[in-house]
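J.: Pasting a structure below so you can have a look.
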Amino acid sequence: MAAPVEKKVTAATAGTYVASTALLAGLEAVQDHNELVGWMPSALAPFVLALVPAAISFVSGWAARHTPRFPGSASGV
């Protein structure tokens, strides 16, 4: 069974997706690089392309070692 995904990894993934979508939508509006996304509808392209960095962020965050938390630590957990 796979290890559970920590909330900070999920939040980082969602943040990466939202930021990438906004950036790519802006680039799409300013520079019409049809050769990069010509095979898909232009309204869908920023959302599909944003999945790549989001997936990379998720996998790297999930695979990274995390600091163990001990009872009474500064985090309060």
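J.: Among the residues of the range 12-31, is there at least one that is at pLDDT below 70 and assigned to a helix (DSSP H, G or I)?
T.: yes
J.: Find all pairs meeting these conditions: Cβ atoms under 6 angstrom apart; at least six residues apart or on different chains; first residue within the range 49-65 and in a loop (DSSP other than H, G, I, E, B); second residue open to solvent by 50 Å² or more (accessible area, probe 1.4 Å).
T.: Correct list of pairs: Ala50/Tyr17.
The values are calculated or read from the model by the stated rules, or taken from the named source; none is laboratory data. Worth saying up front: this structure is predicted, and the values here are computed from it rather than measured. All Cβ positions, even for glycine, are placed from backbone atoms using ideal geometry, and neighbour counts span all protein chains on display. Just the protein is used for accessible areas: all its heavy atoms, side chains included, with ligands, DNA and RNA removed. Shrake-Rupley method; radii C 1.70, N 1.55, O 1.52, S 1.80 Å.
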